[in-house]
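The values are calculated or read from the model by the stated rules, or taken from the named source; none is laboratory data. The structure displayed is predicted, hence computed values, not measured ones. Virtual Cβ from ideal backbone geometry, glycine too; neighbours counted across all protein chains shown. Accessible surface areas use protein heavy atoms only, side chains included; no ligands, DNA or RNA. Shrake-Rupley method; radii C 1.70, N 1.55, O 1.52, S 1.80 Å.
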Amino acid sequence: MVKKQTLSVKAIKNGTVIDHIPAGEGLNILHYFKLDQLQKCITVGFNLKSDTQNHKDLIKIENIFFTEENIQQIAFFAPNCTINIIQNFQVIEKITPTYPDQVIGIFKCPNINCASHTEPVKSHFYVKNKDNKTKLKCHYCEKIYPFEWVHK
Ligand SMILES: [Zn+2]
C-alpha cells in the first residue's frame, strides 16, 4: 500500500494567516505591506486549490499582527478573505475584513494641488463602488480616483 502523502505547510506558533485571498492578490498584499522586506518568516501559497473558490492565495507571517487599519487595507485586495490570528498554535481570532466606508490618514491624494497636502489634516477618502471598481473620493478636493491611483 502506498502511504498517502500530503503537502503540508508548517503551522506557525504566533502570527497571522491570511487565507482565501483571491488568486493573484497575494502578491499585491505582500508588496503593499512590504512584507517581503521584513526580516520575518513568511510562507506564501499561490493558486492553491480551494473548496469555496477556484484558486486562492495564502500568506502566513510569523510574529506579525496587523492593526485595525491594516485589516481595512487588506479588504481592498481581498474583501472576502479570512485573517486568522494565531497564538501558541491556536487560532484565537478569525476576522473577515470589512470594506470601510471612509479611509482616513492612510492614502495620499493623487492631486498635488489638493488642500490635504498643504493643510495640517489627515487624508480623507470616501469609498465608492462603481461597476465593481473601487473608487475613492477625496474629502478635500472632491475628486474621484480609481483605487489603483491612490494606493500606489
Ligand atoms: Zn484631494
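Hey, among the residues in segment 134-148 that are under 21 Å from I74 (Cβ atoms) and either of a type in the set (A, V, I, L, M) or in contact (Cβ under 8 Å) with a residue 40 or more places away in the chain (or both), which one's nearest to the ligand (Cβ to nearest atom)?
Restricting to residues being under 21 Å from I74 (Cβ atoms) and either of a type in the set (A, V, I, L, M) or in contact (Cβ under 8 Å) with a residue 40 or more places away in the chain (or both), the top hit is L136.
Being hydroxyl-bearing (S, T, Y) and open to solvent by 80 Å² or more (accessible area, probe 1.4 Å), is that true of even one residue in segment 66-74?
Within segment 66-74 (the criterion being hydroxyl-bearing (S, T, Y) and open to solvent by 80 Å² or more (accessible area, probe 1.4 Å)), the answer is no, since none of the residues qualifies.
Can you find a residue in segment 117-133 that is free of Cβ contacts under 8 Å to residues at least 40 places away in the same chain, away from the ligand (no atom under 16 Å from the Cβ) and either of a type in the set (D, E) or surrounded by 15 or more Cβ atoms within 10 Å (Cβ to Cβ) (or both)?
yes
Suppose we keep only residues that are open to solvent by less than 70 Å² (accessible area, probe 1.4 Å) and not in a strand (DSSP E or B) within segment 42-65. Which one would you say is modelled with the lowest pLDDT?
Checking each candidate, the answer is Q53.
When the residues of segment 103-116 are narrowed to those that are open to solvent by 30 Å² or more (accessible area, probe 1.4 Å) and more than 8 Å from the ligand (Cβ to nearest atom), which ends up farthest from A75 (Cα to Cα)?
Only one residue tops the list, namely N113.
Residues in segment 83-94: is at least one under 21 Å from V127 (Cα atoms), surrounded by fewer than 21 Cβ atoms within 10 Å (Cβ to Cβ), in contact with a strand residue (DSSP E or B) (Cβ under 8 Å, 6 or more places away or on another chain) and of a type outside the set (K, R)?
No.
Restricting to segment 70-102, name every residue that is farther than 18 Å from T52 by Cβ and either in a loop (DSSP other than H, G, I, E, B) or within 16 Å of the ligand (Cβ to nearest atom) (or both). It would help to see each step written out before you state the result.
So in segment 70-102, the residues farther than 18 Å from T52 by Cβ come out as 70-73, 76, 85-90, 92-93, 98-102.
Residues satisfying the conditions are N88, F89, T98, Y99, P100, D101, Q102.
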